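Participant: One structure follows; several queries about it will come next.
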Amino acid sequence: AKTAAESAKELAETARQNAENQLQAALTAKDVAENDKTKAQAELATALRDKKIAEDALKLAQDSGNQDVAKLQSDLAQANQLVQDKEQALQAAQTAQQAAESAQKIAENQRDTALTSLAQAEKAKTDAEQAVTQIQAALTQAQVDKQASDLAKQKAEEDKANAIAEAERQAELARQAETAKVAAQNALKLAEDAKNQAQTDLATAEAAKSAAESAKELAETARQNAENQLQAALTAKDVAETEKTKAQTELAQALKDKEDAQKALQNAQATGGQALADAQKALDAANAKVREHEQALQAAQNAQQAAESAQKLAENQRDTALSSLAQAEKAKTDAEQALTQIQAALNQAQADKQASDLAKQKSEQAKLQADLAAQQAQTAQKRAEVEATRQATAAAQSEIAKQAAQLQAQNAQKAQAIAEAAQQVAQLALKQAQTAQAELEAWNQRLQAAAQADAQTIAQIRNELAKAQALANETAQAVQAAQQDLTQKQAQLTQVQAQNTQIQAQLNQEKTLREQAQIAQQAAEQAQQAAEQAKLNAIAAQSQSEREKQQAQQALAQAEQLVQEKIAQAAQLEHERDQIAKQLEQALNQAQTQAGELAQAQAQTNLALAQIQEKEQELAAAQAEAERQRAVLAAEIAKQQAEAAKQKKQSEIISQYANAALSEVSATAHQQQHIASRIDERLQHLNGKNSGAWAQTDTSKTQHQSDQYRGYEQDSKLTQIG
């Protein structure tokens with residue numbers, strides 16, 4: 001672009017120099033034409049003066065009856081011919097002057113156009129240099145960005161290796177639970193699908209952005225073309241207006257020449273002869289020139305109309321291109337916004353995927369703790385059954401200790417019932433933990449499907465999941481505490497069994513055994529209370545889990561609603577992109593149609609310009625003919641000037657020897673001619689009313705000038721009687 005701008009600048013500079021040369025040549029031609037016009041005017045004045053002298057000499061010869069009348073008439077005809085030649089020379093000089101002025105105007109227009117083109121080329125060169133600088137800066141920045149990208153890629157590979165190692169370690173731990181592994185794989189697949197969908201949306205948004213940028217570039221190109229075509233149309237319009245003005249001036253001159261020819265024809269009709277034919281030819285030539293100039297004026301008007309049409313089409317195309325450019329700008333802005341939103345959603349989906357993985361790990365830990373609590377409850381149940389059997393055997397050993405043993409057996413049965421209740425609570429806690437695990441997995445899947453949900457809602461779900469995990473941990477701790485209490489009570493029951501054995505051996509220690517039985521009963525009651533407290537804690541944990549489950553379902557519903565809104569927004573953006581594409585296609589079709597119309601108008605303008613060029617060629621031919629005629633006329637004038645100089649020399653020689661005789665003869669002839677003219681005037685006005693004797697005295701003083709003899713003055717006094 002910079003090289004093209006420099007070439008355009010050089011071409012514009014050459015065009016400007018050529019325009020300056022043409023303008024200088026036109027000014028020179030104008031000066032030459034003005035000099036020729038002045039010279040022709042002086043020569044025409046001289047020719048008119050010679051004609052007047054010839055007319056006076058012929059009249060004097062006719063009055064005096066001189067034999068040289070034929071020669072004087074021939075001289076008068078030559079003088080008339082010379083006047084006509086001088087008039088034609090003056091007309092040719094005026095035409096040449098007008099042509100030179102027209103050439104000067106054309107050259108000035110070309111110079112102004114060249115200066116405008118030069119300024120545009122300068123601006124284009126400056127813009128190209130700025131573009132080169134910007135591109136170089138962008139290239140440097142791209143290299144820096146590439147280096148930074150390489151470093152980021154290397155770090156990403158390292159992070160990837162670390163992540164792979166960590167994933168392998170987690171996988172090694174995850175092998176302990178096949179179900180958790182399958183759930184994790186499903187969750188990972190869903191997260192990958194969400195990520196791939198986000199990446200697909202990102203690629204679609206980037207394609208939309210690229211399409212918007214391409215549409216913007218096309219619209220900018222169309223606008224630039226419209227501006228160029230509008231400039232060309234304005235230039236063509238200015239040229240057409242100049243040609244129209246020139247044609248109007250030439251037509252006015254031709255009409256004036258026609259009027260002069262008509263007047264000359266009217267004057268020639270009175271005399272007849274060759275002058276009438278010449279005047280008729282001159283009138284025909286003037287009519288032909290008028291028709292030619294009328295045709296030239298019509299062609300110039302057509303060219304002007306075509307240029308105006310081209311200007312309107314170019315303005316419409318420019319407005320359409322500007323509208324398309326604004327639409328492309330809006331489409332690009334919308335695409336960039338959609339791209340930003342999709343990128344944020346992709347980042348959020350990745351963050352949600354990590355959070356889902358963490359929640360899955362916590363749920364697996366909760367499940368393991370619940371399994372451990374169930375195993376401990378089952379162990380406590382088995383131990384309670386063994387202790388009950390031992391208590392029954394101890395009761396059969398002694399009737400005396402039977403009541404105490406029965407009481408202790410009842411206490412043991414109560415402890416067993418408490419243990420069974422604790423086992424049921426533990427199983428219920430296990431089922432709740434499994435249910436929580438399943439719900440957590442479902443939440444994990446829903447969270448992964450709702451990867452584009454709002455970050456605040458997902459954070460709330462994480463908090464609720466953490467609360468559920470903490471509650472599960474508390475439940476496990478409560479079950480473990482209950483297990484410990486049951487173990488302690490089992491030890492106490494073992495101690496009571498030993499005491500029963502002692503009662504069987506020593507009946508005298510019945511009171512002590514009863515007291516110990518009461519102590520064991522109190523311990524069993526405490527164990528029962530502890531088990532009931534553990535049951536209440538499990539029920540509270542279940543209620544809390546239910547509430548957290550409801551809150552999580554509400555959060556999940558909100559996340560699904562947000563996902564639906566995001567999908568609707570994406571569909572709306574897709575619809576808007578389709579509409580913008582259709583509008584751009586319509587604008588392109590309209591621009592192509594207007595380009596065709598503009599091309600047709602350009603063709604008409606070119607045709608008009610061709611006609612104008614033909615007229616300019618005809619004008620150039622006419623100017624060449626005028627130059628040729630002027631050269632011939634100049635040669636004739638030079639010849640006449642040489643002849644006149646020769647005659648002047650003869651007059652000097654004649655005047656040197658015969659001035660006196662010629663002056664006397666001339667004075668006598670003038671006096672006789674004057675007398676004859678006065679008598680003629682009197683006789684022509686004589687009638688019966690004014691007839692009679694009359695006398696008149698005239699006094700006159702005359703000056704005589706001629707190229708044939710020296711000038712002189714004459715005083716005359718004449719008395720007439722009739």
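The values are calculated or read from the model by the stated rules, or taken from the named source; none is laboratory data. Just so you know, these numbers come straight off a predicted model, no measurement behind them. Please note: Cβ atoms are built from the backbone with ideal geometry, for glycine as well, and neighbour counts cover all protein chains shown.
Participant: Which ones in region 590-621 are charged (D, E, K, R) and under 25 Å from the mean Cα position of the chain (by Cα)?
Facilitator: Residue satisfying the conditions is E597 alone.
Participant: What tally of residues in region 291-310 results from selecting those that are surrounded by fewer than 20 Cβ atoms within 10 Å (Cβ to Cβ) and in contact with a Lys or Arg (Cβ under 9 Å, 6 or more places away or on another chain)? Before the answer, list the steps.
Facilitator: Let us first name the residues in region 291-310 that are surrounded by fewer than 20 Cβ atoms within 10 Å (Cβ to Cβ), namely 291-292, 294-295, 298, 301-302, 305, 308-309.
Cutting the leftovers down to in contact with a Lys or Arg (Cβ under 9 Å, 6 or more places away or on another chain) gives us 292, 295, 301, 308.
Summing the residues that are surrounded by fewer than 20 Cβ atoms within 10 Å (Cβ to Cβ) and in contact with a Lys or Arg (Cβ under 9 Å, 6 or more places away or on another chain) in region 291-310 gives 4.
Participant: Looking at region 636-684, which of its residues are more than 21 Å from S700 (Cβ to Cβ) and modelled with pLDDT of 70 or more?
Facilitator: E636, I637, A638, K639, Q640, Q641, A642, E643
Participant: Ok, one more. It is to be established whether one or more residues within region 579-589 are farther than 30 Å from A211 by Cβ, modelled with pLDDT under 75 and surrounded by 14 or more Cβ atoms within 10 Å (Cβ to Cβ).
Facilitator: Scanning region 579-589 turns up no residue that is farther than 30 Å from A211 by Cβ, modelled with pLDDT under 75 and surrounded by 14 or more Cβ atoms within 10 Å (Cβ to Cβ).
Participant: Here is a further query. Restricting the search to region 235-267, which residues are touching a residue at least 12 places away in the same chain (Cβ under 8 Å) and either on the phi > 0 side of the Ramachandran plot or of a type in the set (A, V, I, L, M) (or both)?
Facilitator: A236, V239, A240, A247, L251, A254, L255, A261, A264, L265, listed by residue number.
Participant: Criterion first (at pLDDT below 80 and touching a Leu at 6+ places or on another chain (Cβ under 9 Å)) does L58 satisfy it?
Facilitator: So L58 passes the test.
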